[in-house]
1. Output the direction-averaged projected area (hull surface divided by four) of the convex hull of the alpha-carbon atoms of the stretch A:4-218, in nm².
2. Over all alpha-carbon pairs in the protein assembly as shown, figure out the percentage whose distance exceeds 49 Å.
3. With only alpha-carbon pairs counted, each pair once and no self-pairs, how large is the Kirkwood hydrodynamic radius of the stretch B:211-311 in angstroms?
4. Would you work out the charge dipole size for the stretch B:329-449 about its Cα centre, treating the Cβ of every Lys and Arg as +1 and the Cβ of every Asp and Glu as -1, and quote it to the nearest 20 debye?
5. For the stretch B:328-449, build the convex hull from the C-alpha positions and give me its volume per residue in Å³.
6. Distance between the C-alpha centers of the stretch A:237-255 and the stretch A:161-197? Whole Å please.
7. Viscosity 0.890 mPa s, temperature 25 °C: Stokes-Einstein D of the stretch A:53-150 from its Kirkwood Cα radius, in µm² per second?
8. Loop only by DSSP, 12 or fewer other Cβ within 10 Å of the Cβ. Give me the trypsin sites (Lys or Arg not before Pro) in the stretch B:1-82 that pass, ordered by residue number.
Amino acid sequence: MIDKDVLERTLSRALHNGGDFAEVFAEDRVNSSARLEDGRIEELTSGRDRGAGVRVIVGEATGYAHTTDLTEDGLRSAAEVAAAAARGGGGVRDVALERRPVTPAPIAIRPEDVAKADKVELLRRGESAARAGGSSIKQVMVSVANNRRRILVANSDGLLAEDDATRTRFMVQCVAAGDTGMQTGHEIVSATRGWELFDDRSPESIGEEAARRALLKLAARPAPSGSLPVVIAAGIGGVLFHEACGHGLEADLVDKDASVFAGRMGQQVASPLVTLVDDGTPLGEWGHLAIDDEGHPSMRNVLIDGGVLTGYMWDHIRAGKHARGPSGNGRRQTYRHLPMVRMTNTYLLAGEGDPEDLIASTPRGVYVKQLTGGQVNTATGDFVFGMGESYLIEDGRITEPLRESNLIGNGPDVLRTIDAVAGDLEMAGGGGMCGKDGQSVPVGVGQPTLRVPAMTIGGTAS
Amino acid sequence: MSNDNQLLALAEKVVADARGGEQVEAFVSQSRRTTAKVRRGEVESIEQATSAGIGIRVVVDGRQGFAYAGSLDPDAVASALADARDNAIFATPDEANGLAHPDGVTPVDLPGPDDALAAIATDRRVELARAVERAALATDRRITGMRSADWSDVLATSAVATSTGIRVTDSASFWSAMADVLATDGDEVQEAYGVRVGRTLAHLDVEGAGTEAAEKALALLGATQPESRRVTVVLDPHVAGSFLALIGATMVGDTVLKGRSPFADRVGEAIAAPLVTLADDPTDASSPAAGRHDGEGLATRRNTLIGAGVLQGFLHSTWSGRKAGLASTASAVRDYASTPHAGTQGLALATGDLTLEQILEQVGDGIWVQSVSGLHSGTNTVSGDFSVGVTGRAIRSGALAEPIREATIASTLQRMLLDVVAVGSERVWLPGGTGSAALAIEGVSLSGK
């Protein structure tokens with residue numbers, strides 16, 4: 001994307017006022033999306049964003065500026081603005097870059113090679129399958145989006161690394177109407193893959209699933225209000241750990257004492273059944289990274305091992321401050337943003353036993369099949385997440401479906417009290433976007449079926 | 001030549017390339033955001049984010065195509081126009097597709113960007129961020145740290161030109177000061193944030209962000225989980241504003257026409273308590289979101305959504321207006337990377353006549369909701385069901401009492417509007433431009449122990 005000698009001169013320029021560290025991050029992202037609504041191909045959109053950001057760090061202070069001009073002049077201006085924030089001694093420092101080998105995730109069918117007419121056909125197949133759910137399905141929206149993101153990172157430690165990643169996301173949303181009003185259902189499939197994604201998940205299966213959820217909710221009763229045992233299904237349930245403790249294990253929040261997990265390293269913070277990892281390496285997963293946005297290879301980091309806190313997640317600044325190596329968690333939304341500590345794919349390792357037994361041994365409670373996003377206050381550990389598809393458990397059997405509501409809990413309490421973890425680890429097929437301080441990045445989650453003996457369910461039924 | 005004229009010239013150049021039978025629209029925007037963050041009096045970071053891009057719409061034979069480029073480079077612009085044309089080929093024809101036409105409405109007279117804010121020095125930005133932090137830390141010795149103390153200022157310019165005769169530019173400046181504060185008592189830590197926004201340096205209250213955050217965090221120390229029950233809640237203006245934004249989103253043309261609004265087909269009916277009057281008014285110069293034109297280049301106007309409890313109508317873009325057999329209400333929202341669609345630009349709740357103390361007295365016993373979490377995952381804007389996490393304080397005998405946490409409130413957006421029993425008299429402007437006030441709502445399910 002940019003010549004090595006241009007990068008070397010830009011980095012030297014960035015440090016001409018003094019400074020401990022300088023970095024160039026360049027990005028070239030091509031987005032494409034198509035949407036079908038009400039039987040009409042409403043929109044095909046395509047676009048490209050390309051630019052570079054220059055970061056200069058002096059002591060605890062960071063200067064950052066970016067440009068869409070990738071010529072040497074453009075980079076030099078950005079370097080000067082960033083360096084202005086870093087007022088120090090001055091002097092000349094030469095930077096010699098060494099290219100690191102990176103293997104981008106293999107893509108079998110590049111989305112940009114798929115004809116637009118074929119993309120449109122895929123949307124129609126998803127729609128027909130959803131409509132086949134019956135006349136109660138009143139609205140169907142189908143969308144497909146893909147992006148190709150090429151990045152380059154060069155820094156004054158001599159690191160030079162590039163990656164080329166492709167992500168694809170397919171979503172069907174349905175509105176169903178019945179005697180109880182309108183309800184919605186959706187299904188999302190997303191991966192760091194190309195069009196080969198649809199060899200494993202047909203558009204029909206995605207459409208059917210969205211329609212099934214919307215129809216199910218027409219017959220759902222209001223969720224209970226108050227504290228009950230909760231069994232969370234394998235897969236998307238991993239959002240629980242993302243919210244309950246993932247954010248609290250990000251080193252920037254730990255460093256600012258804005259996490260209930262600060263100062264707890266080596267302590268028992270969870271049930272011995274809990275072993276939690278954050279792992280950017282699995283190919284194809286939505287949160288897969290060959291390298292993070294600071295140029296470091298992604299890694300498998302064990303955060304909690306048998307209930308004992310064993311690791312936080314790190315970016316360049318925090319790792320440097322604690323004199324330790326990177327963990328591959330320095331990420332940013334685009335070249336316009338500063339990197340910070342972010343999760344990749346966060347999942348709980350499998351326990352033992354049959355998920356069926358876990359339900360059978362719960363006399364009364366709630367079974368959560370689909371979670372829809374959540375939010376945490378890392379300082380207190382209190383978190384919420386939405387139950388998109390959930391059922392009542394009565395006498396050890398799954399009975400009636402429930403309307404949407406939020407679950408609320410406290411991360412440390414939930415971790416300590418988890419009393420059963422089954423052996424059926426699954427990754428969620430449709431990862432989401434995680435927001436933090438105004439930046440949004442793709443993250444994956446996963447877990448086996450598990451039970452929390454008591455969580456507060458925010459419904460309206462007594 | 002000023003910057004807005006340069007942007008307009010670029011947009012006009014694209015539009016001049018329209019072929020016979022084609023409608024072409026170019027939306028060009030450019031912005032500069034500078035953020036200074038401090039920590040313990042020292043600079044944590046200074047970021048300068050400049051952004052420029054163009055979005056191009058092409059409509060031919062009722063088919064619409066769109067493409068964008070995050071750059072104003074001539075090659076990128078040319079390739080966006082070619083892509084937009086190509087994308088149009090695959091779209092389904094729709095008679096309602098088409099660009100806005102000038103409709104004779106005169107744009108409101110708003111002050112342009114503040115020169116003093118545009119020229120602010122970096123040292124001053126750092127000083128203002130420090131003032132936010134100092135104000136928070138000085139509130140109480142239990143304020144032990146900050147997750148962040150930031151100052152941010154933005155200068156934004158945009159231009160729209162169409163082959164149907166639209167030629168407009170807009171320019172604005174604004175600033176925000178934000179504090180995210182930690183209060184500690186023994187092992188317990190509570191976090192809260194405070195924010196202040198404005199359009200000019202002449203009206204600065206950055207300390208308010210720090211003290212507000214500090215007071216909110218302190219108020220939560222010692223919070224416990226309340227008993228589940230049905231209660232009257234009093235929503236802090238920030239919380240009320242978040243709910244108003246969700247309600248506003250159900251009253252936009254695209255959502256209504258696609259059968260995704262619980263309020264479709266209810267124009268003229270009483271959908272809220274008579275105390276409730278809600279408008280979308282980007283022409284109000286006191287709103288931080290005030291603007292002269294919408295995303296399609298039409299002059300903005302005041303649109304009443306709910307008048308004394310009665311649903312008056314919806315917000316429309318050119319497309320949704322035509323689809324509904326109505327004119328656009330100049331409510332198209334967009335950025336360069338997206339097509340315009342109907343949306344809210346400056347929601348404002350008409351204030352009531354009770355002070356917060358009077359509302360608490362009227363309510364007697366209930367819950368003061370200071371913050372909500374999981375608003376988006378917990379609200380279904382189609383069915384109207386909502387369930388969100390809350391922190392706040394109990395209201396006992398008409399006064400604020402012990403703090404609460406780890407609880408949720410649930411109802412439906414439809415019920416909530418009908419169950420409003422008081423609206424506060426103090427107007428609060430939120431980031432994003434919503435004009436809000438405290439709201440008291442009865443019959444809400446509180447889930448806790």
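A short reminder: the numbers here are calculations on the coordinates, not readings from a lab. Predicted model, so just to flag it, every value in this text is computed and none were measured. Note that each Cβ is placed from the backbone with ideal geometry, even for glycine, and that neighbours are counted across all protein chains shown.
1. Details: hull surface 61.0 nm².
Dividing the Cα hull surface by four gives the mean projection, 15.2 nm².
2. Details: 66037 of 414505 pairs.
Of the Cα pairs, 16 percent sit more than 49 Å apart.
3. One over the average 1/r among Cα pairs gives 16.8 Å for the stretch B:211-311.
4. So the dipole magnitude of the stretch B:329-449 works out to roughly 280 debye.
5. About 140 Å³ per residue, rounded to a whole number.
6. The stretch A:237-255 and the stretch A:161-197 have Cα centres spaced 24 Å from each other.
7. Working: Rh = 19.1 Å.
So the translational diffusion coefficient is about 128 µm²/s.
8. B:Arg19, B:Arg40
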